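Student: Dropping the structure in here first, questions after.
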Amino acid sequence: MIKLTEGPVLLKKGQAPVATDTSKESARKGTIAYRILQAHNTSDSMEKLKIRFDKLTSHDITYVGIIQTARASGLEKFPMPYVLTNCHNSLCAVGGTINEDDHVFGLTCAQKYGGVYVPPHLAVIHQYAREMMATAGGMILGSDSHTRYGALGCMAVGEGGPELVKQLLDKTYDVDLPQVICIYLTGKPEAGVGPQDVALALIGAVFKNGFVKNKVLEFVGPGVDNLSADFRIGVDVMTTETTCLSSIWKTDSVIKDFYAIHGRAEDYKELQPEEEAYYDGMVEIDLSKVKPMIAMPFHPSNVYTIEEVNANLEDIIAQTEKNAAVSLEGAVEYSLRDKIRGGKFYVEQGVIAGCAGGGFENITDAADILNGQSCGNGEFSLNVYPASQPVYMELIRNGAAEKLMEAGAVLKTAFCGPCFGAGDTPSNNSFSIRHSTRNFPNREGSKLQNGQIASVALMDARSIAATAANGGILTPATDFDIQYTKPKYFFDGSIYEKRVFDSKGVAAPETKIKQGPNIKDWPKMTAPEENMLFKVVSVIHDPVTTTDELIPSGETSSYRSNPEGLAEFTLSRKDPAYVGEAKKVRAAEIARREGELETAADLSADLPELKGVLEKVNEKFGVAADALSIGSTIYAVKPGDGSAREQAASCQKVLGGWANIASEYATKRYRSNLINWGMLPFLYKEEALPFEKGDWIFVPDARKKLEEGAAEFAAYVISETEVKEITLQMDPLTDDEKEIILKGCLINYYRA
C-alpha cells in the first residue's frame, strides 16, 4: 500500500520516479515547490529563503494577539489581504461577552487596517480560504497549523502568530530551502474509501520515523487524476499531522473546474513538475490498496485498518490502553473493555466536522450511506458540521441534508469546536469517532484534573456514517454496497457578499477599535542579562508533548486575548503545579530587576534555596545577582507537536520562562514561537538527564554566546549538594532570531 524511498529520486515525465545519484543542483529546480518558493523569495539565495506571502489568514483564537503584537510594533495598515475568520470561539458560550468582544475587535481592525472579516458560523478558516483566497502558484501564511491549500496549487504554511506579525510589518518568513518529498499516487480508491483513509495511512507511515518532518510534500502521479478536488483537499489538510512544512499538488482540469465553480477561473493555472524533477525522497501510495482506516487514541499516527481492529479487538485495545497509560500518566483510570459487546466494538458518538470532514463530498457520501437508515435512539449520536454556509445551502438544496436529518443526524453550522474541545464533548469514558484533524488526550474537551477522560478515534466520514447505520458498531464503509450519487456542487457566494466585510485593501484609519475588558496588552518583557539562571519547574518524559498539553484547548481559548489570564492554564493538564512554581521564579526576577531581591522577605519562603544558589553562582563564577536574569525553564523530550498556536510558548514567557530544553522540537513552528517570544530553544539529547525538577541551571555568558551563534553552551546544574557542568546545544539561529532573543521578544525587536 505504501512504500518509502530514502535519498535522491528522479521523476521524468511519462515514467515512474526512481532512485538516482543525480545531483541536487541539476534537477531540484524541476519541482513545483521549488518554482513557487523561488517566485516568493526576496533574498539573493535559494538556500536561505526570505519569503513574502501573498495573503494571510487567522481565526478568533489567534488574530487578537497577532494584531495587538503588530500594533505594539508599529502597524499602520495591513500590507496584504488578511482574512479574519471566526470559527473557534463562535459559540460565545464561555466567559460572558468576551468571545463576541473579540469578534467586534476583529471587525473594527479589518475596517481600520484594511482587511477581510468573516462573521461567526459562515465558514471555518480553511474552507473560506479554499473558496475565496487560494490561487494556483500562490502562497498563504496562516496562524493555524492546518493551513494547507496545496491541492489547489497554493503552497500554504501554518505558523505561530509572530510569523504573521512579521508579514504585517513588511518583514519576511526566513527558512532554509526545505527538502521536497515526492508523494507518488497510483491506482484509484475503491468505493467507500475516503480522503481521511488515505491521509491516515500516510500519517501512519511517516510520522513516527520523521520521514517528512519540516519538508514539503509534492503530490504527483497518475493516481492524482482519479481523485476529485474534495478528495485531494481532504488528504491535503491532514498532511499537517505528518509534521511536514507544507504541501503542493499538480493541478489539472479538476482543479480548474474548482476555481471556475467558485467564480475565480482567473486564479487557476496548470502546475506540473518539469521534464526532470529531483526529490529528496519518495512515498509511493497505491490508492487501490487503501482500506478504511482508524487512528486509535491518542494520536493520528496510531493507525490500523478498521478490519484489523475488528479482527484483533483484544490485542489492539490492550495496546491502546498501554499507550494511554504513558500519555495519561495514571491521572485517571482508562479502559476500553466496556466497548466490546458480543465480540464487536461499540462507540457512543460520531462527528463529521471542520476543515477535514466538513466538505461537500464527504457529507453527501455520508448522506447516501444513511439514506433510509437510522442512527437509533440509544446513546450513539451523530453530529455533522458543514464547513461553510455555501456548502450547507447546497446540501439543503440537493436533499443530502434531508437524508441525514431523517436518519437522526444533527446538522450544525460551520465551527471548529469538535476539533479542539469546544463542542460535542462526549460523556466520561465515551468513545467518539470523528472525521476531524486530531485526537490528542483531552482535546475533545474532557478534563483529567476533574477525573474525566473520553476517547477520540479519527475515521473517514463514510465509515462514520456506516457505523451510525449499524447502530454504533464499528463498521467500515466498504461493508455497504451502495451507489454513491455524487451530486454536482453549485457554489452560491451570495451569503458572503451580504455578510462578509471586505475592505478591498482600503484602510480607514479613523476607525476606532472596539476593545472589550478581556482584551489585554502584552505585559512588558525585558531583555536578558549577560548571564542566565533558570529553575527547572517541570520535567516531562512523554515521547511527544503536544501544544494541547502545553496550553490546553477548549474553553481556555476564550482567554486567548488576555495573556495573563490564559497563562493561568499553562500545563494545567500535564503539570498542575507548574503555574505556581513559575510565578515564584518570576517574582524573584521582578524583585531582582527592581533592586529588591535582598529585601524581598517573601521570596525566602517561596524559593528558600535561591539565596544559596546565588551565593554558589557568585562564589564559583564571580557573577552577582544584578548581572544575571532569573527565569524558569521546562524540559520535554519532544515538545510542540500539533497546533501552531503561539500561546504554547508565550504563556511560558508571560510566567517568566526564559528557555525550553528538549531532546528535539516536534515542529519548526513551535521552535519559532519560542524564539519569537524571546526564549532560548536549548537541546539536550542524552537520554539520562543530569538535572531534575527543582534544580537550577546557570548559563554564563549566555548573551555573548548567542551573539556568536554558539552551537554549544557550557551550563551548570546547581542542586543542594553540588555544582555539575553540562553542555546544552542549540541549532543555528538566523541573525534576526538572535536579535529577537537578545531584545527579549519580537515586540521589543520591532520597537527598537
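Student: Among the residues of segment 28-46, is any surrounded by fewer than 24 Cβ atoms within 10 Å (Cβ to Cβ), in a loop (DSSP other than H, G, I, E, B) and not polar (S, T, N, Q)?
Tutor: Checked segment 28-46: at least one residue is surrounded by fewer than 24 Cβ atoms within 10 Å (Cβ to Cβ), in a loop (DSSP other than H, G, I, E, B) and not polar (S, T, N, Q).
Student: Taking segment 157-174 on its own, how many of its residues are farther than 21 Å from His146 by Cβ, part of a loop (DSSP other than H, G, I, E, B) and acidic (Asp, Glu)?
Tutor: 1
Student: Given Gly234, Gly221, which one is in contact with a strand residue (DSSP E or B) (Cβ under 6 Å, 6 or more places away or on another chain) and at pLDDT 95 or above?
Tutor: Among Gly234, Gly221, only Gly221 is in contact with a strand residue (DSSP E or B) (Cβ under 6 Å, 6 or more places away or on another chain) and at pLDDT 95 or above.
Student: Further question: Is it true that Phe415 is touching a residue at least 40 places away in the same chain (Cβ under 8 Å), in contact with a Ser or Thr (Cβ under 7 Å, 6 or more places away or on another chain) and either part of a loop (DSSP other than H, G, I, E, B) or closer than 28 Å to Val94 by Cα (or both)?
Tutor: Criteria met by Phe415.
Student: Find the helices (runs of 4 or more DSSP H) located wholly in segment 534-604 whose residues include 2 or more that are among the hydroxyl-bearing types (Ser, Thr, Tyr) and in the same structural domain as Trp658 (by TED's automatic domain parsing), and list them.
Tutor: Per the criteria, no element qualifies.
Okay, residues lined up against (1) under 30 Å from Leu164 (Cβ atoms); (2) in contact (Cβ under 8 Å) with a residue 40 or more places away in the chain:
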{"site": "Arg586", "(1), (2)": "yes, yes"}
{"site": "Ala605", "(1), (2)": "no, no"}
{"site": "Pro608", "(1), (2)": "no, no"}
{"site": "Val617", "(1), (2)": "no, yes"}
{"site": "Glu646", "(1), (2)": "yes, yes"}
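Student: Inside segment 563-584, can you point out the residues that are over 25 Å from Gly161 (Cβ atoms) and hydrophobic (A, V, I, L, M, F, W, C)?
Tutor: Selection gives Ala577 alone.
Student: What is the one condition in (1) modelled with pLDDT of 95 or more; (2) under 29 Å from Pro700 (Cα atoms) that Ala507 does not satisfy?
Tutor: (2)
Student: On the basis of being acidic (Asp, Glu), surrounded by fewer than 20 Cβ atoms within 10 Å (Cβ to Cβ) and under 22 Å from Glu6 (Cα atoms), does Glu270 make the cut?
Tutor: For Glu270, the condition - acidic (Asp, Glu), surrounded by fewer than 20 Cβ atoms within 10 Å (Cβ to Cβ) and under 22 Å from Glu6 (Cα atoms) - is not met.
Student: Tally the residues that are touching a helix residue (DSSP H, G or I) at 6+ places or on another chain (Cβ under 6 Å), surrounded by 20 or more Cβ atoms within 10 Å (Cβ to Cβ) and not hydrophobic (A, V, I, L, M, F, W, C), restricting the search to segment 273-290.
Tutor: Matching residues across segment 273-290 total 2.
Per-residue answers, yes or no, for (1) assigned by TED's automatic domain parsing to the domain that holds Arg462; (2) farther than 24 Å from Thr425 by Cβ; (3) modelled with pLDDT under 95; (4) surrounded by fewer than 19 Cβ atoms within 10 Å (Cβ to Cβ):
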| position | (1), (2), (3), (4) |
| --- | --- |
| Ile369 | yes, yes, no, no |
| Gly378 | yes, no, yes, yes |
| Val384 | yes, no, no, no |
| Ala387 | yes, no, no, no |
| Pro390 | yes, yes, no, no |
| Asn398 | yes, yes, no, yes |
| Gly408 | yes, no, no, yes |
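Student: Quick check on segment 79-92: of everything there that is touching a residue at least 60 places away in the same chain (Cβ under 8 Å) and within 24 Å of the chain's Cα centre (by Cα), which residue is nearest to Ile67 (Cα to Cα)?
Tutor: Taking the candidates together, the pick is Tyr82.
Student: Among the residues of segment 700-722, is there at least one that is under 30 Å from the mean Cα position of the chain (by Cα), closer than 27 Å to Glu549 by Cα and either part of a loop (DSSP other than H, G, I, E, B) or of a type outside the set (Ser, Thr, Tyr) (or both)?
Tutor: No: zero hits.
Student: Restricting to segment 47-91, count the residues that are under 30 Å from Thr425 (Cα atoms) and in a helix (DSSP H, G or I).
Tutor: Residues that pass the stated criteria total 4.
The values are calculated or read from the model by the stated rules, or taken from the named source; none is laboratory data. These figures come from a predicted structure and were not determined experimentally. As a convention, Cβ positions derive from the backbone with ideal geometry for all residues, glycine included, and neighbour counts pool all protein chains shown.
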